[in-house]
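Remarks on the structure that follows.
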Amino acid sequence: MPAPSSPPSVDLTGAECCSTVTGGALDAAAAQDLARVFKALGDPTRVRLLSLIAAQSDREACICDLTEPVGLAQPTVSHHMKQLVEAGLVMREQRGRWAYFRIVEETLTLLSDALRP
């Protein structure tokens, strides 16, 4: 079985170690990194896809199981999933002809921490 692809380098550590969004002024780089990840969650379909994956017992789902719940064609769902992968919110693993997506818990934790007062 091929190894899952690593999420792209999403450096939210600056937001985590230096300041939270509500705890003081972020530097430009930290603000840009956070905004990029939050932007991926700015689409209701992507939020729904992330929640569908998170609702699975193993926090993983096949693309084939994501199209029907959101009522979109597979290419459209793949586009949304690509945005979530690029934001570092999910990891993609190819298994035969199907892509499987797994939640990146660390990214969700960093986003949550960034909003904590």
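The values are calculated or read from the model by the stated rules, or taken from the named source; none is laboratory data. As the structure is a computational prediction, the values presented were derived from the model and not from experiment. Calculation scope for accessible area: heavy atoms of the full protein, side chains included, ligands and nucleic acids excluded. Shrake-Rupley method; radii C 1.70, N 1.55, O 1.52, S 1.80 Å.
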Per-residue accessible area, 1.4 Å probe, largest first, puts GLU93, GLU68, GLU86, GLU106 in the order GLU68, GLU106, GLU86, GLU93
Whenever you get a sec, line up PHE101, PHE38 from highest to lowest accessible area (probe 1.4 Å, protein heavy atoms). PHE38, PHE101
In Å², what does the accessible area per residue of region 25-111 work out to with a 1.4 Å probe? 53
Computed accessible area, SER112, all protein chains, 1.4 angstrom probe, square angstrom: 60
A 1.4 Å probe over the protein heavy atoms gives region 47-117 a carbon and sulfur accessible-area percentage of 52
